[in-house]
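Since the structure comes first, as structure tokens, the remarks are kept for the end.
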Amino acid sequence: MADRSGYFSLGELAARALDGAREAGENGVSPDEIAVKALADKGLDPGDEALRADFMRRFHWTLGRLLRDQRLDKIGHGKGVRWRLRPEPR
């Protein structure tokens, strides 16, 4: 399990990841895009590279968990990876 962050409440990482994927639609969202929005929402500096990297790491881990839980789909690999909501089964 990842270490806890004082910046996020319980369940907030998953909620932000799912919201980001929902808002991005079919093109998906990157962990960096979610991290930058979270930093701005919290009044923190997106230019703080160490904090931004920490947020990105946390969102990467959360996105991977949501993939394993079959809630998201992964598009691509490496730096260009994006995540989108998994379509609801019909």
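Which is without any contact (Cβ under 8 Å) to a residue 24 or more places away in the chain, open to solvent by less than 60 Å² (accessible area, probe 1.4 Å) and among the hydrophobic types (A, V, I, L, M, F, W, C), of 72, 63, 51?
Values: 72 fails: without any contact (Cβ under 8 Å) to a residue 24 or more places away in the chain; 63 fails: without any contact (Cβ under 8 Å) to a residue 24 or more places away in the chain.
Result of the check over 72, 63, 51: 51.
Within region 37-46, how many residues turn out to be assigned to a helix (DSSP H, G or I) and surrounded by fewer than 17 Cβ atoms within 10 Å (Cβ to Cβ)?
Adding up the residues that qualify gives 2.
Please work out which residue is farthest from residue 11 (Cα to Cα), limiting yourself to region 49-74 and to residues that are of a type in the set (A, V, I, L, M) and in contact with a helix residue (DSSP H, G or I) (Cβ under 8 Å, 6 or more places away or on another chain).
Result: 51.
Which of the residues spanning region 1-23 are loosely packed, with under 15 Cβ neighbours inside 10 Å and in a helix (DSSP H, G or I)?
Once the filter is applied, which keeps residues that are loosely packed, with under 15 Cβ neighbours inside 10 Å and in a helix (DSSP H, G or I), region 1-23 yields 12, 15, 19, 22, 23.
If residue 26 passes every condition in (1) surrounded by 10 or more Cβ atoms within 10 Å (Cβ to Cβ); (2) among the charged types (D, E, K, R); (3) touching a Lys or Arg at 6+ places or on another chain (Cβ under 8 Å) but one, which one does it miss?
(1)
The conditions are (1) free of Cβ contacts under 8 Å to residues at least 40 places away in the same chain; (2) closer than 17 Å to residue 65 by Cα; (3) in contact with a helix residue (DSSP H, G or I) (Cβ under 7 Å, 6 or more places away or on another chain), and residue 16 fails exactly one of them. Which is it?
Evaluating residue 16 over (1) free of Cβ contacts under 8 Å to residues at least 40 places away in the same chain; (2) closer than 17 Å to residue 65 by Cα; (3) in contact with a helix residue (DSSP H, G or I) (Cβ under 7 Å, 6 or more places away or on another chain) leaves (1) as the failure.
Out of region 75-90, which residues are buried (at least 16 other Cβ atoms within 10 Å of the Cβ) and not aliphatic (A, V, I, L, M)?
Within region 75-90, 82, 83, 84 qualify.
Taking the condition of being touching a Lys or Arg at 6+ places or on another chain (Cβ under 9 Å) and either of a type in the set (S, T, N, Q) or at pLDDT 95 or above (or both), how many residues in region 1-16 meet it?
Summing the residues that are touching a Lys or Arg at 6+ places or on another chain (Cβ under 9 Å) and either of a type in the set (S, T, N, Q) or at pLDDT 95 or above (or both) in region 1-16 gives 4.
The values are calculated or read from the model by the stated rules, or taken from the named source; none is laboratory data. Given the structure is predicted, the values throughout are model-derived calculations rather than measurements. Glycine gets a Cβ as well: all are built from the backbone with ideal geometry, and neighbour counts include every protein chain shown. Remember, those area values only see protein heavy atoms, side chains included, never the ligands or the DNA or RNA. Shrake-Rupley method; radii C 1.70, N 1.55, O 1.52, S 1.80 Å.
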